[in-house]
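S.K.: Input: one structure, supplied below.
Where a number appears in this text, it was derived from the coordinates with a stated rule and is not lab data. Note that the structure is a prediction, hence the values are computed from the model and not measured. Here Cβ is always computed from backbone atoms with ideal geometry, including for glycine, and neighbour counts include all displayed protein chains.
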Amino acid sequence: MCHPSWGRALAEAQRLSDLARLRRVRDRIDREYARPLDVEALARGANMSAGHLSRQFRQAYGESPYSYLMTRRIERAMALLRRGDLSVTEVCFAVGCSSLGTFSTRFTELVGMPPSAYRRRATGAAAGMPLCVAKQVTRPVRNREAPVVEPLLA
């Protein structure tokens, strides 16, 4: 017969293992945001089902893997649009989006204006500003999304 504390220790070990896998998924999204990524591919890489990955990722980070991926893509798109040397369509494909409509919709949700308006407004606005400051000041704000659920860290 097993001692009750063994069960708790096994559950804690599994939780820590899951968190490590989720960190690897998040790191992969950060590195490979411009590549074709979907939840199924991310889940396969983490040896999880897509549903389990989505639930666990949302619980740990407060948003779905897809939402996190799109936020990374929009952040990079903002930087490219500020440079001003690429069209909105070129930026869309450069950050890994395959649909200009989805890209524009998601950009507008996160930033509060369409990418074309952002490009017009931001071109040169960050001139002379250190890159680290420009990135922080222009980070997308989740002003039009469903409220983020606080992660459960029990």
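S.K.: Any chance you could list P(r) for segment 58-122, counting all Cα-Cα pairs in 5 angstrom bins from zero, rounded to whole %?
M.R.: 4, 20, 31, 23, 11, 7, 3, 1
S.K.: Same structure again: Run the dipole for segment 1-64 about the Cα centre, Lys and Arg Cβ at +1, Asp and Glu Cβ at -1, nothing else charged, and hand back the magnitude in debye, nearest 20.
M.R.: 100 debye
S.K.: Rounded to whole Hz and in sequence order, give me ³J(HN,Hα) for segment 99-106 from the Karplus expression 6.51 cos²θ - 1.76 cosθ + 1.60, θ = phi - 60°, writing x for Gly and Pro.
M.R.: 10, 4, x, 5, 4, 5, 4, 5
S.K.: Beyond 19 Å, how much of the Cα-Cα pair distribution for segment 1-123 remains, as a whole percent?
M.R.: 54 percent
S.K.: Separate question: From Cα coordinates alone, what are the radius of gyration and Dmax values for segment 1-72 in angstrom?
M.R.: When restricted to the Cα atoms of segment 1-72, Rg and Dmax are 14.2, 51 Å.
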